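Here's the structure we're looking at; comments come further down.
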Amino acid sequence: MRALGVALLVLWTLHTVVVTGPLLLSAHYADLLRGTPQGALRAPLGDPIQDATPAVVASLPAHGDVLALVPASEVDGFAYFWLTYWLYPRHVEVSGDLDAASTTSAPGIVYFQRPDAPSLNTPAGYVLRSDTTTAGGDHTFVFVRAGA
Amino acid sequence: MTVLGSGLGLALYILLSYLVGRLIATLLGFHVDALVRAGCPLIGAAAMGIELWIFGVVHVPWFVLWLVLPWLVAAVVTRRRTIAAVRDEVASIRPLLSGLGDLDPLTAGLVAFTVATLGFYLLNLLAQPLVGWDAIAMWLFKAKVFFDSGSVDLANLPPRPISATRHLDYPPLFSLMVATAWVLLSHVDDMVGKSIGFMFLISGVAAVSASLLPLLGTRLTAMFALLMVALPALQTSFVLPYYMGYADYAIAVFMLLSLAHLYRSVRLGRDLDSGLAFLFAALAALTKNEGLPFLLVIAVVFVFGAAWGRVKERETPSLLLVSVAAAGLLPVVAWQVYTRVHGFNSDVLSLPHPAWTIGLLTSRARTIASFFFHLMNRNDDYPWLAAGWIVATVLTVISRYRRLTLVWAALTAQGLTYGIALLTTPNEVTFELNTAADRLVLQLVPSLLLLLGLALRELPHSRTAERGVALEQAA
């Protein structure tokens with residue numbers, strides 16, 4: 001029985017080398033070392049939220065609430081977790097309703113606009129802090145309360 | 001931060017964790033061998049995490065100076081023992097290096113493949129962006145909350161949408177470890193935070209190697225070390241970091257270390273191993289709630305063992321054992337009390353659930369069995385894992401080392417717990433299987449490898465087994 005166990009171990013090891021070996025051989029180590037891996041993983045988010053996040057973080061006031069207007073399909077998804085992590089310690093409310101921009105008291109508003117989505121005029125009492133456009137035609141608008 | 005910078009930050013954290021863990025082992029008078037060394041980084045990391053927890057309670061700021069100062073003071077106060085420990089560490093390196101030079105080509109190839117895979121994982125961890133669902137939603141988010149507030153306090157988080165759950169009830173240890181790394185660096189570093197699982201990988205490989213080398217020899221141990229690193233089931237933690245789950249590998253290694261010390265405890269009867277078996281089980285329970293039944297199993301084993309020793313040999317557990325067990329249990333109890341006081345607790349049994357009729361349980365059992373049966377068709381580990389458990393079980397049954405049965409029973413009991421949880425979940429069982437089955441299996445894989453290795457030791461009349469027992473007892 002022990003011989004069977006050793007045989008299992010040997011075959012299992014061989015199988016693992018065969019399955020895992022190609023991963024090691026096909027990796028682009030130079031890109032990994034540079035921190036720009038080929039086929040970099042994407043978050044389970046629609047565009048443009050992930051790509052625009054660093055600019056949004058830099059544009060918003062460091063503290064206070066943020067109203068994030070996202071496509072309706074993102075409201076019950078990963079967007080809430082994504083934005084609350086990267087925007088922490090700001091408190092984030094995620095909504096798919098553009099009308100929320102006119103009723104919010106949050107010092108910051110972020111609108112992730114897809115090319116086919118309606119426009120949002122600068123809400124009363126706010127100023128446009130940044131407008132980022134991607135190659136795909138997505139816009140990310142950051143509005144902050146005037147005087148913030 | 002660049003890959004190199006984050007790598008250096010991670011290395012600093014792992015090194016400091018090892019030094020703190022090694023210091024703790026020295027202060028407690030442990031005999032430090034390879035298996036104890038394997039667990040030192042995790043003991044040190046857990047100790048520093050709990051240290052920050054205490055700092056939060058007594059309002060000591062989370063600065064790197066305050067973090068390391070108590071350990072520096074302890075090292076200086078006990079400098080004779082500290083210096084002896086340093087000499088011991090240096091002396092342990094030479095045999096290790098000379099042993100590498102004596103490897104035959106096949107074993108050297110296995111070791112080289114293992115090391116190359118480790119390097120590949122490390123690069124991936126440090127280069128791939130932070131996008132993992134549970135990392136973002138739970139583990140690193142809580143680490144940010146802890147780091148920003150300088151305390152383990154989740155009570156002031158804003159009201160969340162009903163549809164969003166952050167599992168605030170999950171124990172804080174993993175997030176505290178991430179926060180500790182950030183305190184050491186004095187800033188949030190997402191790459192370092194998402195890469196601390198690498199420390200668990202190193203400890204896990206070292207623990208398997210330390211446990212099996214005296215029993216199986218170099219070549220077979222090298223195979224187990226390779227499996228421990230390169231199994232596709234384990235790669236999800238290091239190559240595909242966007243999947244759900246993040247602390248599953250951490251709890252897997254804590255359970256592995258607990259069982260490794262449990263085996264040594266029942267083989268050699270040492271309080272050191274008993275204490276560490278319980279400590280690592282407690283740390284598993286402080287990492288994820290799945291660790292709670294595991295801790296209960298280990299506790300039952302030791303309570304029974306203590307009662308048996310009292311009745312048969314009038315022995316009482318040593319003060320060291322009781323102290324280590326109490327020290328491990330206290331934070332587990334503290335967290336459970338905290339979640340209940342603040343209403344975070346997730347008592348699954350009290351949630352609304354379908355009536356547990358025979359029909360429902362039978363239907364769910366068929367669904368679960370069908371799900372895992374289809375996994376056997378995948379070109380990865382599941383058929384091998386099933387075969388490994390079957391072979392380990394048969395070898396355990398026919399083994400003359402009856403006490404191996406305890407390790408088998410603890411591991412199997414944990415697996416059965418997961419099965420019962422799936423049968424009785426208040427959620428849709430298909431959803432649970434699709435999102436959790438892989439991770440539950442991952443939690444058991446390192447311990448299964450250990451069990452298979454322990455079961456493969458030769459029958460006691462062979463020279464290898466006799467040499468292995470002699471090595472254990474000499475240690």
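The values are calculated or read from the model by the stated rules, or taken from the named source; none is laboratory data. As the structure is a computational prediction, the values presented were derived from the model and not from experiment. Methodologically, a virtual Cβ is constructed for each residue, glycine included, from the backbone with ideal geometry; neighbour enumeration extends over all protein chains shown. SASA here: full protein model, heavy atoms, side chains in, ligands and nucleic acids out. Shrake-Rupley method; radii C 1.70, N 1.55, O 1.52, S 1.80 Å.
Could you please report the charge total around B:ARG94, scoring K, R as +1 and D, E as -1 over all other residues with beta-carbon less than 13 angstrom from its beta-carbon? All intermediate terms of the calculation are to be shown ahead of the outcome.
Numbers: positive: B:ARG87; negative: B:ASP88, B:GLU89, B:ASP102.
After counting each charged neighbour, the total is -2.
Based on the Cβ-Cβ distance of B:ALA84 and B:VAL115, what FRET efficiency does E = 1/(1 + (r/R0)^6) give at R0 = 25 Å, to the nearest 0.05?
Numbers: r = 31 Å, r/R0 = 1.22.
For B:ALA84 and B:VAL115, the calculated efficiency is 0.25.
Would the range A:47-145 count as rounded, prolate or oblate if I go by the C-alpha gyration tensor, calling it rounded below 1.5 in a/c and otherwise prolate when a/b exceeds b/c, oblate otherwise? Spell out each step's value before the answer.
Values: a/c = 1.25, a/b = 1.10, b/c = 1.13.
It comes out rounded by the Cα gyration axes.
From the square roots a ≥ b ≥ c of the eigenvalues of the alpha-carbon gyration tensor of chain B, which class results: rounded (a/c under 1.5), prolate (a/b over b/c), or oblate? Walk me through the numbers before you get to the answer.
On the way: a/c = 1.31, a/b = 1.06, b/c = 1.23.
It comes out rounded by the Cα gyration axes.
Fully extended, how many nm does the chain gain between B:TRP356 and B:ALA307 (0.36 nm per residue separation, minus their Cα-Cα distance)? All intermediate terms of the calculation are to be shown ahead of the outcome.
Numbers: separation 49, 0.36 × 49 = 17.64 nm, distance 3.65 nm.
Here the segment from B:TRP356 to B:ALA307 would lengthen by 14.0 nm.
How big is the accessible area of B:ARG310 in square angstrom, nearest 10, if you roll a 1.4 angstrom probe over the protein chains?
120
Take each uninterrupted DSSP H stretch in chain B, measure its Cα extent along the helix axis, and return the ones at 27 Å or beyond whose mean Kyte-Doolittle hydropathy is at least 1.0.
On the way: long enough: B:3-27 (36 Å, 1.77); B:34-58 (36 Å, 1.66); B:79-101 (34 Å, 0.00); B:105-127 (32 Å, 1.67); B:197-216 (28 Å, 2.00); B:248-268 (30 Å, 1.05); B:291-313 (32 Å, 1.53); B:319-341 (32 Å, 1.64); B:404-424 (30 Å, 1.40); B:429-455 (35 Å, 1.34).
Taking the DSSP H segments of chain B (at least 27 Å long, mean hydropathy at least 1.0), we get B:3-27, B:34-58, B:105-127, B:197-216, B:248-268, B:291-313, B:319-341, B:404-424, B:429-455.
Applying a 10 Å radius around every beta-carbon, put B:66-78, B:185-197 in order of their mean neighbour count, most first. Intermediate values should be presented prior to the final figure.
Values: B:66-78: 14.5, B:185-197: 20.6.
Peptide ranking by packing, descending: B:185-197, B:66-78.
How would you order A:115-125, B:96-106, A:99-109 from highest to lowest mean count of nearby Cβ atoms within 10 Å? Before the final figure, lay out the partial values.
Working: A:115-125: 11.7, B:96-106: 10.0, A:99-109: 17.1.
Order by mean packing, descending: A:99-109, A:115-125, B:96-106.
For the protein assembly as shown, just say rounded, prolate or oblate: build the C-alpha gyration tensor, square-root its eigenvalues into a ≥ b ≥ c, call rounded for a/c under 1.5, and beyond that prolate if a/b exceeds b/c, oblate if not. Mind showing how you got there, number by number?
Numbers: a/c = 1.70, a/b = 1.59, b/c = 1.07.
Judged from the Cα gyration tensor, the protein assembly as shown comes out prolate (a/c at least 1.5, a/b above b/c).
Residues in the range B:88-129 near a label at B:ALA74, defined as backbone nitrogen under 19 Å from the 7 Å Cα→Cβ point?
Counting backbone N atoms under 19 Å from the label point, the list is B:88-89.
Threshold 50 Å², probe 1.4 Å: give the residues of the range A:71-87, in number order, that are less accessible with all protein chains present than with their chain alone.
Those residues are A:PHE78, A:TYR80, A:PHE81, A:TYR85, A:TRP86.
Add +1 for every Lys or Arg and -1 for every Asp or Glu among the other residues with Cβ under 14 Å from the Cβ of B:VAL332, and state the total. Before the final figure, lay out each step's value.
Values: positive: B:LYS288, B:ARG340; negative: B:ASP169, B:GLU290.
Result for the neighbourhood of B:VAL332: 0.
Across the residues of A:18-28, average count of Cβ atoms on other protein chains within 10 Å? Walk me through the numbers on the way to the answer.
Numbers: counts 0, 7, 11, 4, 0, 8, 7, 2, 0, 4, 1.
Neighbouring Cβ atoms belonging to other protein chains average 4 per residue here.
Helix A:2-26 versus the longest principal axis of chain A: what is the Cα-based angle in degrees, 0 to 90, to the nearest 10?
50
Averaged per residue, what accessible surface does the protein assembly as shown expose to a 1.4 Å probe, in Å²? Present the calculation step by step, with values, prior to reporting the outcome.
Working: 27050 Å² over 623 residues.
Per residue, the protein assembly as shown has an accessible area of 43 Å².
If we restrict to alpha carbons, what Rg and Dmax does the range B:98-186 come to, in Å?
Taking only Cα atoms of the range B:98-186, I get Rg and Dmax of 19.6, 61 Å.
Which FRET efficiency value, to the nearest 0.05, is calculated for B:VAL397 and B:VAL322 with the Förster distance at 41 angstrom and r the Cβ-Cβ distance?
Values: r = 34 Å, r/R0 = 0.83.
Taking R0 as 41 Å, the efficiency between B:VAL397 and B:VAL322 is 0.75.
Under a point-charge model restricted to the Cβ atoms of Lys and Arg (+1) and Asp and Glu (-1), what is the dipole moment magnitude of chain A relative to its Cα centre, in debye to the nearest 20? Walk me through the numbers on the way to the answer.
Working: 7 positive and 12 negative charges, 129 e Å.
Computed about the Cα centre, the dipole is about 620 debye.
Counting only C-alpha contacts under 8 Å and six or more residues apart, can you give the relative contact order of the range A:47-145 as a whole percent?
Details: 176 pairs, mean separation 32.3, N = 99.
The normalised contact order for the range A:47-145 reaches 33 percent.
Could you work out the mean count of beta carbons from other protein chains within 10 Å of each residue's beta carbon in B:129-140?
Working: counts 7, 4, 9, 3, 5, 1, 2, 9, 6, 2, 0, 2.
Per residue, the average neighbour count from other chains is 4.
How far apart, in nm, are the 7 Å Cα→Cβ label points at A:ASP97 and A:LEU41?
Using points 7 Å along Cα→Cβ, the separation is 3.5 nm.
List, by residue number, every residue in the range B:1-32 with a reduction of 50 Å² or greater in accessible area between the chain on its own and the complete protein assembly, 1.4 Å probe.
SASA drop of 50 Å² or more in the range B:1-32: no residue qualifies.
Under a point-charge model restricted to the Cβ atoms of Lys and Arg (+1) and Asp and Glu (-1), what is the dipole moment magnitude of the protein assembly as shown relative to its Cα centre, in debye to the nearest 20? Intermediate values should be presented prior to the final figure.
Numbers: 38 positive and 39 negative charges, 437 e Å.
Value, rounded to 20: 2100 debye.
Nearest 100 Å², what total accessible surface is buried between chain A and chain B (probe 1.4 Å)?
Numbers: alone 9420 and 22300 Å², together 27050 Å².
Chains A and B together bury roughly 4700 Å² of accessible area.
So what's the angle, to the nearest 10 degrees on a 0 to 90 scale, between helix A:49-59 and the longest Cα principal axis of chain A?
50
For chain A, with all protein chains present and a 1.4 Å probe, just round the carbon and sulfur fraction of the accessible area to a whole percent.
Working: 4090 of 6990 Å².
Carbon and sulfur atoms account for 59 percent of the accessible area of chain A.
Counting only pairs 8 or more residues apart or on different chains, how many lysine pairs in chain B have their Cα atoms under 26 Å apart? Before the final figure, lay out each step's value.
On the way: B:LYS142/B:LYS194; B:LYS142/B:LYS288; B:LYS144/B:LYS194; B:LYS144/B:LYS288; B:LYS194/B:LYS288.
Lysine pairs, 8 or more places apart or on different chains, close enough: 5.
Of the heavy-atom accessible surface of chain B (probe 1.4 angstrom), what whole percent is carbon and sulfur?
Working: 13860 of 20060 Å².
Taking all protein chains in place, chain B shows 69 percent carbon and sulfur surface.
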